[in-house]
Amino acid sequence: MDWDGLRRELGDWYERVRRDLPWRRTRDPYAIWVSEVMLQQTRVKTVIPYYERFLERFPDVAVLAGADLQAVYKLWEGLGYYSRARHLHAAAGMIMAQMGGRVPSDPQVLRRLPGIGDYIAAAVLSIAFDQPFAVVDGNVKRVLARVFLMETPVNHPPGHARFQTVADRLLDREQPGRHNQALMELGALVCTPKRPLCPQCPWTAHCRALQSGAVPDFPRRVKPRRPGEQFWVAGAVLKKGRLLLTRRPDRGLLAGLWEFPCDRMDGAADPAADCAAMVRRQVGLHCAPPQHLVTVRHAYTHFKLRMALYLCPWQGGRVRLDGPDHFDWVRPDQLDRLPLHGAVHKALPALLQALRGQ
DNA sequence: GAAACGTGGAT
DNA sequence: TATCCAAGTTT
C-alpha cells in the first residue's frame, strides 16, 4: 500500500476543492471546538447559521462561561442533541476555573471535558494545535470501508477500533489538521453514501471497492431496529391570557427545553380527561374540560411521537411541579423568548390561532 | 456495550 | 409516507 501516495493525492485534491466554511477561516481552538460540537451528527448546511450566531453571541470561552445556560439553550434551539449545549457551557466553566481560560492542548486534559470524546478531541488537537491525531467520523468510516474493502459495519460500535487503526496508519503526521479535514471532505463531497461521484475521486487508482464494482455494497451496516411509537398528551393551561410553560430537567430527552406540561398517555379511552388528569398531576392545577387543538407527529432518533395538544382553561389551584423543574406564565407573544422543542413548535400555530379566535 | 439522544434534507 | 443518515458522546 502506497501510503505516501494516498496522503499526497488526498491533500492535493483537498487544496483544489475544499469548501470555504466559516470554521475553516480560523485557527482559534475555541471556534474549532464549537464547530465540531455543532457538527456532531448534524449537517454542515444546518450548522452554519447556528455557528455564526453562536460565535457572535459567545465569542470566546470567557463569555460562554459567564452566560446563562438558558441563553445557550435558546441559541441551540432547533439544533437538537441539547446536552451538547449543556456540556459546552459546563466545559467552558471548567476551562475558566481550572485551565486559565485557554482550551487545553493536552490530549488527556481535553478529553476529560464534558462533551469531548475521541472524535472532537482528535479534531481540535489536529486542526487547532497541529497534533497528530486521526479523526474517525461517519465520513472517514465510509471512505475507508470502500477504499480498503472493509467488511466491518460502520454503525456497530465494536468495529470502531478497526477504523481507528486504519485511520491512524493513514494519517499525514506533517499536516494532520488538513489531512483529517480532507478525508472528511472526501466523504462529504465525493464518497457519499448514495451515488458517490467516483470519477471525481483522487483515489480511483487505490479504491478496492471501485476496482471490484462493489461501491454500492459498501460500507456495510447492521440493521437498525425499528423505533416504536409513543403517544403524548400536552395541555396548554390558559389563565388570564397567559400560558403555563414548564422546563424539562437538565438531563435526558430535550434537556432544559420548555414546553406545555405533557406526559405519555396510558392507553386513554378519553384523551381529554387524560389531559386534565395529567395537568393535575404534573403542575397541580385544575382546569375546565380540555379542548383538542391539534395532534402533531414528530420523529426522534429512537421513537416516533404523536402528541395531542389541548387547550386547558385554568379553573383553580396554584402550581406545584411534579416532573418539570421550572415553570413560567407567559404571554403568547413572548413564547419566542424560551427555547422550545420541535414538537411544541409544530403545535404552536394551532394554539395561537385558537387564542386569536377567543 | 447497547441504548439514549434531535432535527431536517434527500430519496 | 417511510427510511436513511449526518464532522458522536454519554450512561
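Per the Kirkwood treatment, what hydrodynamic radius in Å, one decimal, follows for the range A:228-356 from the mean inverse distance over all distinct Cα pairs?
Its Kirkwood hydrodynamic radius stands at 14.5 Å.
Over chain A, what is the mean sequence separation of C-alpha contacts under 8 Å (at least six apart), divided by residue count, expressed as relative contact order in percent?
Relative contact order of chain A: 15 percent.
Going 7 Å from the Cα of A:M99 toward and past its Cβ, which residues in the range A:48-91 have a backbone nitrogen under 16 Å from where you end up?
A:60-66, A:85-91
Could you list, in their original order, any pairs among A:K240/A:K346; A:K45/A:K346; A:K194/A:K223; A:K240/A:K304 whose Cα atoms are separated by more than 28 Å?
Cα-Cα > 28 Å for A:K240/A:K304; rest within.
Round to the nearest 0.05 the FRET efficiency obtained for A:R318 and A:R356 when R0 = 25 Å and r is the Cβ-Cβ distance.
Using R0 = 25 Å, I get an efficiency of 0.35.
With every protein chain kept in place and ligands, DNA and RNA left out, what is the accessible area per residue of chain A? Probe 1.4 Å, answer in Å².
For chain A, the solvent-accessible area averages 50 Å² per residue.
On a C-alpha basis, how far is the centre of the range A:66-117 from the centre of the range A:313-358 in Å? Whole number, if you could?
Computed from Cα coordinates, the inter-centre distance equals 29 Å.
Compute the label zone of A:D168 within the range A:144-162: residues whose backbone N is under 14 Å from the point 7 Å along Cα-to-Cβ.
Under cut-off, by backbone N: A:160-162.
Take the solvent-accessible surface of the protein heavy atoms, probe 1.4 Å, and return the percent of it on chain A that carbon and sulfur atoms account for.
49
Residue separation times 0.36 nm, minus the C-alpha to C-alpha distance between A:A277 and A:E229: what's the value?
15.1 nm
GNM on chain A, C-alpha springs below 10 Å: top fluctuator among A:L88, A:L335, A:L186?
Maximum among the listed residues: A:L335.
Counting only GluC sites (Glu not before Pro) that are in a DSSP loop and have at most 14 other C-beta atoms within 10 Å, tell me the longest site-free stretch of chain A.
That would be A:175-358.
Compute the angle between helix A:118-129 and the longest alpha-carbon principal axis of chain A, please, reported from 0 to 90 degrees and rounded to the nearest 10.
Computed tilt is about 60 degrees.
Considering only A:G187, A:G235, A:G323, give the residue with the highest GNM mean-square fluctuation for chain A, with springs between Cα atoms whenever their separation is below 10 Å.
A:G323
I need the fraction of alpha carbon pairs in chain A separated by more than 36 Å, rounded to a whole percent.
36
As a test of the formula, what do you get for chain A when each DSSP H run with n ≥ 4 contributes -39,500 (n - 2.57) and the sum is divided by the residue count, at 222 nm and rounded to the nearest 500 deg cm²/dmol?
-13000 deg cm²/dmol
With axes computed from alpha carbons, what is the tilt in degrees of helix A:342-356 against the longest principal axis of chain A, rounded to the nearest 10 within 0 to 90?
The angle comes out at about 30 degrees.
How about the range A:298-356: which trypsin sites (Lys or Arg not before Pro) there are in a DSSP loop, with at most 16 other Cβ atoms within 10 Å of their Cβ?
A:R318, A:R320
Between A:R111 and A:D20, what length in nm is gained on full extension when 0.36 nm per residue of separation is reduced by their alpha carbon distance?
30.0 nm is the gain from fully extending A:R111 to A:D20.
Using the alpha-carbon atoms, what tilt in degrees (0 to 90, nearest 10) does helix A:29-39 show relative to the longest principal axis of chain A?
So the helix axis and the longest Cα principal axis differ by about 70 degrees.
Shape verdict for the range A:220-271, please, from the Cα gyration tensor: rounded (a/c under 1.5), prolate (a/b greater than b/c) or oblate.
Oblate, since a/c reaches 1.5 and b/c is not below a/b.
Taking 0.36 nm per intervening residue step and subtracting the Cα-Cα distance, what contour gain separates A:D266 from A:R242 on full extension?
Net length gain for the segment: 5.8 nm.
With chain A treated as a Gaussian network of Cα nodes joined by springs under 10 Å, which of A:A343, A:A85, A:A31 yields the largest mean-square fluctuation?
Of A:A343, A:A85, A:A31, the most mobile in the Gaussian network model is A:A343.
The values are calculated or read from the model by the stated rules, or taken from the named source; none is laboratory data. Fair warning: this is a prediction, and the values are worked out from it, not measured in the lab. Don't worry about glycine lacking a Cβ; one is built from the backbone with ideal geometry, like all the others, and counts go over all protein chains shown. When the accessible area is computed, the model is the full protein with side chains, heavy atoms only, and any ligands, DNA or RNA have been set aside. Shrake-Rupley method; radii C 1.70, N 1.55, O 1.52, S 1.80 Å.
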